[in-house]
Amino acid sequence: MNGEKKEFIRVCPKCGSDNTTAGSLLIQSSSCFSYCKSCGYEGIFPEVEKSKVEKFKKMLRRKR
Ligand SMILES: [Zn+2]
């Protein structure tokens, strides 16, 4: 049995929030395009492995 399933979630590249939604209607066809409910960023969102989201957020913080 393969018990481990990798889950990917979209994370905002600006604030690191995973509180995202699909982009505006015009560009909904583009699957990578999302909108961040936290900071209002709209654009291409990287998909991050769920277990690595915290790491991703730390990286974002270090940049500032
Ligand atoms: Zn954001």
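Picking from 52, 14, which residue would you name as being part of a helix (DSSP H, G or I) and either surrounded by fewer than 11 Cβ atoms within 10 Å (Cβ to Cβ) or at pLDDT 90 or above (or both)?
Only one candidate qualifies: 52.
Just checking, does region 21-28 include any residue being at pLDDT 80 or above and loosely packed, with under 13 Cβ neighbours inside 10 Å? So that I can check it myself, show each step before the final result.
Quick first cut of region 21-28, residues at pLDDT 80 or above only: 21.
Subsequent filtering for residues that are loosely packed, with under 13 Cβ neighbours inside 10 Å retains 21.
Taking every residue of region 21-28 in turn, at least one turns out to be at pLDDT 80 or above and loosely packed, with under 13 Cβ neighbours inside 10 Å.
The values are calculated or read from the model by the stated rules, or taken from the named source; none is laboratory data. Note that the coordinates shown come from a computational prediction; the quantities given were computed from them, not determined experimentally. Using ideal geometry, Cβ is built from the backbone for each residue, glycine included, and neighbour counts are taken over all protein chains shown.
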